[in-house]
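A.B. asks: Okay, handing you the structure first.
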């Protein structure tokens with residue numbers, strides 16, 4: 001158990017499972033709801049989706065971010081272009097990517113269909129899985145080249161898998177390369193991500209604190225099943241909130257498993273919570289009701305983009321009783337079969 005876990009673990013479980021009603025946390029929760037309800041702005045393409053602030057930074061991002069993995073995954077370039085253009089038409093201005101997605105092919109498609117016409121309007125993030133300084137330097141230059149960008153809006157240390165992994169990457173100079181990229185203007189904001197082990201993120205936060213460094217963002221799984229199994233929401237989110245990080249929620253539907261899609265792994269899927277009366281709208285609204293800056297959602301078609309953007313139309317928050325009801329409905333479905341990307345305890 002890390003120091004952060006000892007300090008925040010009990011508070012996190014009580015506060016979030018009861019609706020985050022503790023005094024300080026409750027204030028930030030209310031602020032996140034107000035941010036979602038603020039009038040949307042507009043630009044030369046039209047009206048934007050609601051925006052939220054990215055933690056301590058001055059950057060504001062649309063509350064929906066289109067995930068980069070599905071931009072390329074088994075899709076033609078024409079299909080990728082259609083997803084990107086539909087997202088722009090629906091007011092999305094936040095776009096995710098990573099070096100690994102299609103071995104750089106997803107980034108190339110941003111370079112084809114996003115950056116050339118719309119770089120002045122969009123907030124682009126990508127991620128590096130580098131475990132050494134040399135690899136991180138190479139990843140940065142390759143990502144900028146593929147996406148035809150002079151700079152990244154957000155660059156993230158990708159997929160921390162364990163406390164030892166976090167320690168090794170910092171020891172090998174990865175963080176130093178990221179900090180230098182920010183000083184050089186090649187990355188305006190920095191962050192880190194984790195899919196499988198919440199303790200890896202807590203260890204990263206400890207190591208950053210020891211270095212006297214705070215990054216801007218953290219991306220991690222947050223969904224209705226998460227609080228019941230190896231939870232990022234209850235263990236990490238309170239710490240990120242206290243340290244004013246921009247929180248980027250991913251796997252809002254457990255990589256599709258919560259709606260009966262295969263998600264990760266070849267084994268048969270469990271009965272999805274959607275059969276218990278939990279709809280995709282419920283799933284998204286629950287996450288938006290938490291103190292997160294954005295939901296990163298992979299969309300496989302323009303229709304999915306429209307649906308996900310539509311979840312923000314008229315969204316005005318969620319009452320504590322409704323959160324509890326949905327969490328109770330999701331609890332029987334939670335566990336390693338649903339969130340297969342998590343490391344088993």
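A.B. asks: Can you name every residue in segment 37-54 that is touching a helix residue (DSSP H, G or I) at 6+ places or on another chain (Cβ under 8 Å), more than 13 Å from residue 123 (Cβ to Cβ) and either without any contact (Cβ under 8 Å) to a residue 40 or more places away in the chain or in a loop (DSSP other than H, G, I, E, B) (or both)?
C.D. replies: First pass over segment 37-54, keeping only residues touching a helix residue (DSSP H, G or I) at 6+ places or on another chain (Cβ under 8 Å): 45-46, 49-53.
Still in the list and also more than 13 Å from residue 123 (Cβ to Cβ): 45-46, 50.
Correct list: 45, 50.
A.B. asks: Report whether or not residue 121 is touching a strand residue (DSSP E or B) at 6+ places or on another chain (Cβ under 9 Å), within 24 Å of residue 184 (Cβ to Cβ) and surrounded by fewer than 19 Cβ atoms within 10 Å (Cβ to Cβ).
C.D. replies: When the stated conditions are applied, residue 121 passes them.
A.B. asks: Further question on the same structure: Can you give me the number of residues within segment 180-192 that are under 23 Å from residue 220 (Cβ atoms) and in a helix (DSSP H, G or I)?
C.D. replies: Qualifying residue count, segment 180-192: 2.
A.B. asks: Right, another one. Residue by residue through segment 129-145, note down the ones that are closer than 17 Å to residue 67 by Cβ and in contact with a helix residue (DSSP H, G or I) (Cβ under 6 Å, 6 or more places away or on another chain).
C.D. replies: 143
A.B. asks: Which one of these is modelled with pLDDT of 95 or more, over 18 Å from residue 99 (Cα atoms) and buried (at least 23 other Cβ atoms within 10 Å of the Cβ): 164, 203?
C.D. replies: Selected residue: 203, the only one of 164, 203 that is modelled with pLDDT of 95 or more, over 18 Å from residue 99 (Cα atoms) and buried (at least 23 other Cβ atoms within 10 Å of the Cβ).
A.B. asks: With a cut-off of at least 2 residues that are at pLDDT 95 or above, within 18 Å of the chain's Cα centre (by Cα) and buried (at least 16 other Cβ atoms within 10 Å of the Cβ), name the helices (runs of 4 or more DSSP H) lying wholly within segment 253-345.
C.D. replies: 280-288, 302-310
A.B. asks: Additional query: Modelled with pLDDT of 95 or more, on the phi > 0 side of the Ramachandran plot and out of contact with any helix residue (DSSP H, G or I) (no Cβ under 9 Å at 6 or more places or on another chain): which single residue out of 173, 185 fits that description? If you could, list the steps in order and put the result at the bottom.
C.D. replies: On the way: 173 fails: out of contact with any helix residue (DSSP H, G or I) (no Cβ under 9 Å at 6 or more places or on another chain).
Within the list 173, 185, the selection yields 185.
A.B. asks: Residues of segment 139-156 being without any contact (Cβ under 8 Å) to a residue 40 or more places away in the chain and buried (at least 23 other Cβ atoms within 10 Å of the Cβ), which ones?
C.D. replies: Correct list: 152, 155.
A.B. asks: Give segment 202-224 a look and list any residue that's assigned to a loop (DSSP other than H, G, I, E, B), closer than 30 Å to residue 283 by Cβ and without any contact (Cβ under 8 Å) to a residue 60 or more places away in the chain, or say none. Steps first, answer last, please.
C.D. replies: Quick first cut of segment 202-224, residues assigned to a loop (DSSP other than H, G, I, E, B) only: 212-216, 222-224.
Checking the rest, the ones that are also closer than 30 Å to residue 283 by Cβ come to 215-216, 222-224.
If the condition is that a residue be assigned to a loop (DSSP other than H, G, I, E, B), closer than 30 Å to residue 283 by Cβ and without any contact (Cβ under 8 Å) to a residue 60 or more places away in the chain, then 215 is the only one that fits.
A.B. asks: Looking only at residues that are modelled with pLDDT of 95 or more and surrounded by 21 or more Cβ atoms within 10 Å (Cβ to Cβ) in segment 69-87, which one is farthest from the chain's Cα centre (by Cα)?
C.D. replies: 80
A.B. asks: For the structure I just gave you, tell me whether residue 98 is in contact (Cβ under 8 Å) with a residue 40 or more places away in the chain, outside any strand (DSSP E or B) and within 17 Å of the chain's Cα centre (by Cα).
C.D. replies: Yes, satisfied.
Let's see how each residue does on (1) under 21 Å from residue 197 (Cβ atoms); (2) without any contact (Cβ under 8 Å) to a residue 12 or more places away in the chain; (3) touching a strand residue (DSSP E or B) at 6+ places or on another chain (Cβ under 6 Å):
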{"site": "295", "(1), (2), (3)": "no, no, yes"}
{"site": "316", "(1), (2), (3)": "no, no, no"}
{"site": "324", "(1), (2), (3)": "no, no, no"}
{"site": "329", "(1), (2), (3)": "no, no, no"}
{"site": "342", "(1), (2), (3)": "yes, no, no"}
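A.B. asks: Need a quick list: helices (runs of 4 or more DSSP H) entirely within segment 108-179 having at least 2 residues that are within 22 Å of residue 89 (Cα to Cα).
C.D. replies: 115-118
The values are calculated or read from the model by the stated rules, or taken from the named source; none is laboratory data. Quick caveat: nothing in here was measured; it's all calculated off a predicted structure. Neighbour counts run over all protein chains shown; Cβ positions are idealised from the backbone, glycine included.
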